[in-house]
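Everything below concerns the one structure shown next.
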Amino acid sequence: MKTKPRCIVAPSLLSANFSRVGEDVLEIGKTSAQWIHLDVMDGHFVPNITFGPKFISDIRPLTPLVLDTHLMIEHPDRYITHFAKAGSDIITVHSEAAVHLHRVLQAIHDEGKQAGVSIVPSTPVASLEVILSDVELVLVMSVDPGFGGQKFIPSALEKIRQLAEIRQTNRLNYRIAVDGGVNETTFRQILDAKADVLVVGSAFFGAKDKQKLVSLMQGQE
Ligand code: DX5
Ligand code: ZN
């Protein structure tokens, strides 16, 4: 019998082919990946533009998987209701984009959704300490957000270790997710640092055998 997966794998649709995204969603569903990661970009907070709530509500009926929505947008407070109604299960906002972060996290919880907070590579973990008891997910960016296919920035590893230590010391429950440059070479050190969720974009969609990659990451090979 297979053991419990050692991590959650969240393929990122950013690396899918948007002209046949429904098929790509179904393809993720054929693997043992547990979440689908959705990168919302506004061309302001990050230098790229992707999709909005309609894209997510169109995908929602195609999959029972957890829709993990990563908002790389300014003024996230204005859009929480829209992304909640579209069917997101987890809504993650950037600490750098939300001045009143506590209020935004509260708004996500008021919609009955799990709340996540994300930090870019130049933001220290220390800036999050006061709100760590208010989130279900901390998303550590291991590339500068905006594009798939970038190289993993190793300083993310120390942030994961710090977050794991704070969680243990304070008996908190958030999951630690890592996003950017996660592939078959980098994932082991990320899991060793005690991350729980691997966001995988280009490595997943570039893999010949997607299930093999997911199994390898989940420790089920
Ligand atoms: C980047 C996005 C990521 C992206 C990761 O700004 O937040 O989710 O899809 O892509 P890879 O895995 O190719 O680095
Ligand atoms: Zn992302």
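Points to keep in mind about this one:
- Among the criteria (1) on the phi < 0 side of the Ramachandran plot; (2) away from ligand 1 (no atom under 16 Å from the Cβ); (3) among the basic types (Lys, Arg), the one Lys194 does not fulfil is (1).
- Listed by position, the helices (runs of 4 or more DSSP H) contained in segment 129-221 that have at least 3 residues being crowded, with 22+ Cβ neighbours inside 10 Å are 155-170, 210-218.
- Flag for Gln150 being within 15 Å of ligand 2 (Cβ to nearest atom) and polar (S, T, N, Q): yes
- A Cβ distance below 8 Å, combined with a sequence gap of six or more or placement on separate chains, defines the contacts here; from segment 191-214, residues that are without any contact (Cβ under 8 Å) to a residue 60 or more places away in the chain reach residues that are within 16 Å of ligand 2 (Cβ to nearest atom) and assigned to a helix (DSSP H, G or I) in the pairs Ala193/Ile160; Lys194/Ile160; Leu213/Ala203; Leu213/Phe204.
- Enumeration of residues in segment 86-100 that are surrounded by fewer than 23 Cβ atoms within 10 Å (Cβ to Cβ) and out of contact with any Pro (no Cβ under 7 Å at 6 or more places or on another chain): Gly87, Asp89, Ser95, Glu96, Val99, His100
- Of all residues in segment 56-70, those being open to solvent by less than 40 Å² (accessible area, probe 1.4 Å) and within 16 Å of ligand 1 (Cβ to nearest atom) number 7.
- Residue match in segment 127-134 (condition: closer than 17 Å to Ile56 by Cβ and of a type outside the set (A, V, I, L, M)): no
The values are calculated or read from the model by the stated rules, or taken from the named source; none is laboratory data. Nothing here was measured: the structure is a model prediction, and the numbers come from that model. All Cβ positions, even for glycine, are placed from backbone atoms using ideal geometry, and neighbour counts span all protein chains on display. Just so you know, the surface numbers come from the protein's heavy atoms only, side chains and all, with ligands and any DNA or RNA stripped out. Shrake-Rupley method; radii C 1.70, N 1.55, O 1.52, S 1.80 Å.
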